[in-house]
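**Student:** Before anything else, here's the structure in question.
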Amino acid sequence: MNTLWNKNFTIITLGTVVSMLGNTVSSFALAVLILELTNSSFAFALYLALNNLPRLFVPMIAGTFLDRFSRVKVIYSLDFLSSFVFLFIFVGLTQNFLNYQLFMILALIIGTIDSIYQVAYDSLYPTFIDKGNFSKAYSISSMIYPIAALMTPVAAFIHETIGLEILFIFNSLAFFIAAVMETKMDKDESHIQEGAQQYKIKEFKKEYKQGLKYLITHKGLLFITLYFFCNSLFQMSVSQTLEMPYFKNVPSLGYQRFTFISTANVLGRFIGGFLHYRFELPSKYKFNIAMSVYVIISVLHAFYLYTPFTSMLIINFVIGILAVTSFNIRISSTQATVDNAMRGRFNGVFQTITTTGLIIGQVLWGALGEVFDARMLIMSMNLVTLVLTFIVIYRQREHVKPIYNQTL
């Protein structure tokens, strides 16, 4: 009988929970710092864009590297580095030498670390899952962020009562603990190629082209990637860029209510993840379920800011449940489809493409948010996403359905 909770899976799951707790707190704290320092949605958008900029090119390099070297060592080394970075921010805030320009540099550094880590994690995680447990394992993975995001209201309370500095000490400690735990993972990684130690930078172009060719020749993976590029460009980026400034600038809402909205969303994600862990979706209906989820999320996102606050909470709770369903179907099916030897390169290409959409959207919607109503922009772009769902996913269902509907 295949066991899900083996040593490596348990360590990487617990380590991710600990580091994600800190990361959630610091993400909120940095967003508040930038908004209060600049009071500009465009400056906030630039910060987000710079944070995501490394994801345009770093995953290309990281993906080829991680198909030849130890993913375990990369993961715990990056967590140690993150611990140091957030300790530096704490010192900078207490000594009062951080400014907007330094925050932009830190955004690039943190973004680089995160982009390498994400490719490493996405490539390593499936290797710790025994056959037959993919769907259940990714249900657990989908619950980690909701658990961590419950710290957001706590962070908001600390911001109002004590100050932001202490949050970065918490984050530094969380990453350090996670890194120590991750050093205990086994390093028997079968993907490491013979002669990997002679890997040269000049081989990167060849390796990356192999990953791109792999994506192009697998039409289902290609259209899934294309859809999530569109999703990042029109749906995710507009919400990330304009929702928090909108809440800040509306007197009846504010930061505290924004954290309540975020908490409703993550509660939905947690419950959704738990349901996926307990109950497996019928394989033959997964494509239809995913398609329905994409449509409903687009409609709810488009109009929720026009509703009363209580309705906003309910809608975001529902979106959270649906978002986990989308994540679980997409990540489990694609990672099970991709060969382990190509997984790093595929994930690198996927991250690069979707992040391109995210950065373009963040800069564009941040600039337009200075001129146009945020609610109107969010509504319009979600309706665009709705149309693209039918064009990119439904019309190409003959390629996408076999991936989504496979038995995992």
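Values in this text are rule-based calculations from the coordinates and carry no lab data. Because the structure is a prediction, the values reported are computed rather than measured. Ideal geometry is used to build each Cβ from the backbone, glycine not excepted, and the neighbour counts take in all protein chains shown.
**Student:** Taking the beta-carbon count within 10 Å as an exposure proxy, list Lys131, Lys213 from fewest neighbours to most.
**Tutor:** Neighbour counts put them in this order, fewest first: Lys131, Lys213.
**Student:** Given a Förster radius of 45 Å and the C-beta distance between Thr217 and Ile109 as r, what FRET efficiency does 1/(1 + (r/R0)^6) yield to the nearest 0.05? Write out the running numbers ahead of the final one.
**Tutor:** Working: r = 36 Å, r/R0 = 0.79.
That gives a FRET efficiency of 0.80.
**Student:** Mind giving me the nanometre distance, one decimal, between the label points for Ile296 and Arg257, set 7 Å out from Cα along Cα→Cβ?
**Tutor:** 2.6
**Student:** When only Cα pairs under 8 Å and 6 or more residues apart are kept, what is the percent relative contact order across the stretch 35-160?
**Tutor:** 38
**Student:** Need one number for the stretch 321-383: average projected area of the convex hull over its C-alpha atoms, nm².
**Tutor:** 5.5
**Student:** Turning to a different aspect of this structure: Starting from 0.36 nm per residue, how many nanometres of slack lie between Phe309 and Trp5 once their C-alpha separation is accounted for?
**Tutor:** Residue separation times 0.36 nm, minus the Cα-Cα distance, leaves 105.4 nm.
**Student:** Quick check on the chain: what are the equivalent-ellipsoid semi-axes from the Cα gyration tensor, as sqrt(5λ), descending, whole Å? Let's see the in-between values first.
**Tutor:** On the way: eigenvalues 190, 142, 88 Å².
Equivalent ellipsoid semi-axes, largest first: 31, 27, 21 Å.
**Student:** Arranged by the count of other C-beta atoms within 10 angstrom, fewest first, what order do Val299, Val400, Val119 take? List each step's numbers first, then the result.
**Tutor:** Details: Val299 13, Val400 24, Val119 33.
Placing the least packed residue first, the sequence is Val299, Val400, Val119.
**Student:** Also, I was wondering about something else. Work through the residues other than Lys136 whose Cβ is under 15 Å from its Cβ and net out their charges, Lys, Arg +1 and Asp, Glu -1.
**Tutor:** On the way: positive: Lys131, Arg278, Lys286; negative: Asp130, Glu280.
Local net charge: +1.
**Student:** Would any residue of the stretch 152-176 have its amide N under 20 Å from a label point 7 Å out along Cα→Cβ of Val91? List them or say none.
**Tutor:** Only 164-176 fall inside the zone, counting backbone N under 20 Å.
**Student:** Pop a pseudo-label 7 angstrom from the Cα along the beta-carbon direction at both Val387 and Lys209 and give the gap in nm to one decimal.
**Tutor:** If labels sit at Val387 and Lys209, their model points lie 3.7 nm apart.
**Student:** Moving on. Could you tell me which of rounded, prolate or oblate describes the stretch 226-295, using a ≥ b ≥ c as the square roots of the eigenvalues of the alpha-carbon gyration tensor, with rounded for a/c under 1.5 and, failing that, prolate when a/b is larger than b/c and oblate otherwise?
**Tutor:** Because a/c hits 1.5 or more and a/b fails to exceed b/c, the stretch 226-295 counts as oblate.
**Student:** Further, regarding this structure: May I ask you to derive the relative contact order of the chain, considering only C-alpha pairs under 8 Å and at least 6 residues apart, and to give it as an integer percent?
**Tutor:** 32
**Student:** Ok, one more. Just list whichever of Lys73/Lys131; Lys136/Lys219; Lys284/Lys401; Lys213/Lys284; Lys213/Lys401 have alpha carbons separated by over 19 Å in the model shown.
**Tutor:** Among Lys73/Lys131; Lys136/Lys219; Lys284/Lys401; Lys213/Lys284; Lys213/Lys401, the Cα-Cα distance tops 19 Å for Lys73/Lys131; Lys136/Lys219; Lys213/Lys284; Lys213/Lys401.
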